[in-house]
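Here is the structure we will look at, set down as C-alpha cells.
The values are calculated or read from the model by the stated rules, or taken from the named source; none is laboratory data. Please read these numbers as outputs of a predicted model, since none were measured by experiment. Every residue, glycine as well, gets a Cβ built from its backbone with ideal geometry; the counts of neighbours run over all protein chains shown.
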C-alpha cells in the first residue's frame, strides 16, 4: 500500500450491506484448541491476516500440521502433547498468539522460546509467567522486563490450583483455560483482582466446549477443568464483530443505513455490544437472525464504560466529534498495553485534527468542534487506521499514514470500505 491513503468524504449518506471476514479472536482460539485436540478439525470461515499467519506458522514450528483451502482450514491435532521438543516462535506483535502459545508450550516436553517485534517486547506478559510458575512450570521473561522474549522449559502442565491476574488483559486467563484440559489432571484457575474484557473469556469457554472440553465456573472468576482433552470437530467461525464496528460507524457518521451480515444477538463476540452504544447516541439498530442494521441519526454525546468492549473504543472516538456534546470513554486503562498506548494515540491524533480532548488515566473525553485536515499517524495499530478512515468519510482532508497496518487483522479493509461507499453496482 502507499505510505498514506486519502479518505474521500462521503457525498451522501452511505447505504449498503457488508460482511466482514472471520473473527481474529475466534480464529486464533480455534487454531489453538484444534491443535490440541485428538484427530482432525475443519475450521470454516477462518481469517487470513498477519495475526493468524504467525499463529499458524508457530503451530507448524511446534510440529502441528495445517492445510488451507480458501477460507476453510484443516488442522491435525496433537492430542494435547506438543510433537517438537524445541522451537523458536516469532509472533511479531500478535498479543493473542504469544500469550496463547506460551501456555500451550507448557504442555510440551522440551525448550521453547517465544519473541516478537520491538512493540511486543514492551507488552506485559509477566502475569501469565507468574501464573505458570505458580503451578511449577519453568517459565521466564528472558530479559527480566516482564515482557517477551519468553522462555519455557516444559515438562507438561501439572494438575492443581493456578492464580492469575486479570487487570491488564483477559488473554492470560484465556491462555491458561485453553491449555488446562490437556494438563495432567484437574485444574482450578482463580482470577485475582478485577478482570478486564470479560466477554473474551466467555468466548474462550464457548470454543473449548465446542471441541468437547469440560470447563465450569462454579463461582464468579473461578474456573475448573479436568484433563480430558479436546476432540477434533467441524467448527464455523463468525465474522469479526470488532471489524463490524467500523461499518456500523459508517452509518452513524454519514447518516446512512448499513447492514452487517453474518452476526446476530446470539454471537459469541462481546464487541457486538457496540451497536448498543450507537443506540445510546441516537442511531436506530435492528437485529435479525443473521444480521444487524444500523441507521444513522443526529448523534448525542455519551459517557460509557467500555471495559468489556475496549477494541471498539477507537471506533467510538472517531464518531464522537460529530455528536452534539462531549463523549467520555472510561474504564479502558488496559488499552495502554495494546499495539500502542491507544489512549495517548487517540488523544494525540484527535488533537492533530484540532479538537479539544482530555486524557484521563482510564480513558478520554472528546469535545466536538471545528476540525482541520490532517495526516493521521497510526502507530502500526490497525484499529487506529480503520477508525480514522471512518472519520474521514465525514470530515474532508483526512489522510491515513501506513494504511497497510490493517493487514494485522483485516487486509482488505479499504477494499470493503470503498465497495460499501460506492453502493450497489
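When you scan the range 155-198, how many residues do you find that are more than 17 Å from the chain's Cα centre (by Cα) and part of a loop (DSSP other than H, G, I, E, B)?
10
Take residue 389 and decide whether it is more than 22 Å from residue 307 (Cβ to Cβ), crowded, with 21+ Cβ neighbours inside 10 Å and out of contact with any helix residue (DSSP H, G or I) (no Cβ under 6 Å at 6 or more places or on another chain).
Yes: the conditions hold for residue 389.
For the structure I just gave you, tell me whether residue 395 is closer than 23 Å to residue 119 by Cβ, touching a residue at least 60 places away in the same chain (Cβ under 8 Å) and out of contact with any strand residue (DSSP E or B) (no Cβ under 7 Å at 6 or more places or on another chain).
no
Conditions tested, residue by residue: (1) touching a helix residue (DSSP H, G or I) at 6+ places or on another chain (Cβ under 7 Å); (2) at pLDDT 95 or above; (3) surrounded by fewer than 16 Cβ atoms within 10 Å (Cβ to Cβ).
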residue	(1), (2), (3)
3	no, no, yes
10	yes, yes, no
15	no, yes, no
31	yes, yes, no
37	no, yes, no
47	yes, yes, no
55	yes, yes, no
101	yes, yes, no
104	yes, yes, no
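Count, please, the residues in the range 160-205 that happen to be in contact (Cβ under 8 Å) with a residue 60 or more places away in the chain and touching a helix residue (DSSP H, G or I) at 6+ places or on another chain (Cβ under 9 Å).
So the answer is 20.
Report, by residue number, each residue of the range 208-250 that is under 30 Å from residue 387 (Cα atoms) and out of contact with any strand residue (DSSP E or B) (no Cβ under 8 Å at 6 or more places or on another chain).
Across the range 208-250, the qualifying residues are 241, 242, 243, 245, 246, 249.
Does residue 41 satisfy being part of a strand (DSSP E or B) and over 20 Å from residue 243 (Cα atoms)?
For residue 41, the condition - part of a strand (DSSP E or B) and over 20 Å from residue 243 (Cα atoms) - is met.
Just wondering, is there one or more residues in the range 337-347 that are part of a helix (DSSP H, G or I), in contact (Cβ under 8 Å) with a residue 60 or more places away in the chain and more than 28 Å from residue 260 (Cα to Cα)?
yes
Scan the range 256-271 and give yes if some residue there is within 23 Å of residue 167 (Cβ to Cβ) and part of a helix (DSSP H, G or I), otherwise no.
Looking through the range 256-271, at least one residue is within 23 Å of residue 167 (Cβ to Cβ) and part of a helix (DSSP H, G or I).
Condition test on residue 147, is it surrounded by 15 or more Cβ atoms within 10 Å (Cβ to Cβ) and under 25 Å from residue 83 (Cα atoms)?
In short, no.
Is it the case that some residue within the range 400-415 is over 22 Å from the mean Cα position of the chain (by Cα) and crowded, with 17+ Cβ neighbours inside 10 Å? Break it down into steps so the answer makes sense when it comes.
Residues of the range 400-415 that are over 22 Å from the mean Cα position of the chain (by Cα), as a first pass: none.
No, every residue in the range 400-415 fails to be over 22 Å from the mean Cα position of the chain (by Cα) and crowded, with 17+ Cβ neighbours inside 10 Å.
Would it be correct to say that residue 278 is touching a helix residue (DSSP H, G or I) at 6+ places or on another chain (Cβ under 7 Å), in a helix (DSSP H, G or I), farther than 25 Å from residue 81 by Cα and not assigned by TED's automatic domain parsing to the domain that holds residue 80?
Considered against the rule, which asks whether it is touching a helix residue (DSSP H, G or I) at 6+ places or on another chain (Cβ under 7 Å), in a helix (DSSP H, G or I), farther than 25 Å from residue 81 by Cα and not assigned by TED's automatic domain parsing to the domain that holds residue 80, residue 278 comes out as yes.
Within the range 302-328, take every residue that is in a loop (DSSP other than H, G, I, E, B) and touching a helix residue (DSSP H, G or I) at 6+ places or on another chain (Cβ under 7 Å) and give me the one that is surrounded by the most Cβ atoms within 10 Å (Cβ to Cβ). Even if it seems obvious, please write down each step before you answer.
Step one: filter the range 302-328 for residues in a loop (DSSP other than H, G, I, E, B), giving 302, 306, 323-326.
Among the residues that remain, those that are also touching a helix residue (DSSP H, G or I) at 6+ places or on another chain (Cβ under 7 Å) are: 302, 306, 323.
Numbers: 302: 18, 306: 24, 323: 20.
Checking each candidate, the answer is 306.
Are any residues in the range 348-364 touching a residue at least 24 places away in the same chain (Cβ under 8 Å) and either out of contact with any strand residue (DSSP E or B) (no Cβ under 8 Å at 6 or more places or on another chain) or assigned to a strand (DSSP E or B) (or both), and if so, which ones?
Once the filter is applied, which keeps residues that are touching a residue at least 24 places away in the same chain (Cβ under 8 Å) and either out of contact with any strand residue (DSSP E or B) (no Cβ under 8 Å at 6 or more places or on another chain) or assigned to a strand (DSSP E or B) (or both), the range 348-364 yields 348, 360, 361, 363, 364.
Would you check which residues across the range 365-386 are touching a residue at least 60 places away in the same chain (Cβ under 8 Å) and either in a loop (DSSP other than H, G, I, E, B) or surrounded by fewer than 23 Cβ atoms within 10 Å (Cβ to Cβ) (or both) and list them?
Correct list: 368, 375, 380.
Of all residues in the range 100-144, count the ones that are touching a residue at least 12 places away in the same chain (Cβ under 8 Å), more than 25 Å from the chain's Cα centre (by Cα) and in a helix (DSSP H, G or I).
Matching residues across the range 100-144 total 1.
Filter the range 145-159 down to the residues that are in contact (Cβ under 8 Å) with a residue 40 or more places away in the chain and farther than 14 Å from residue 132 by Cα and list them by number. First the steps, then the outcome.
Narrowing the range 145-159 to residues in contact (Cβ under 8 Å) with a residue 40 or more places away in the chain: 148, 150-157, 159.
The answer is 148, and nothing else.
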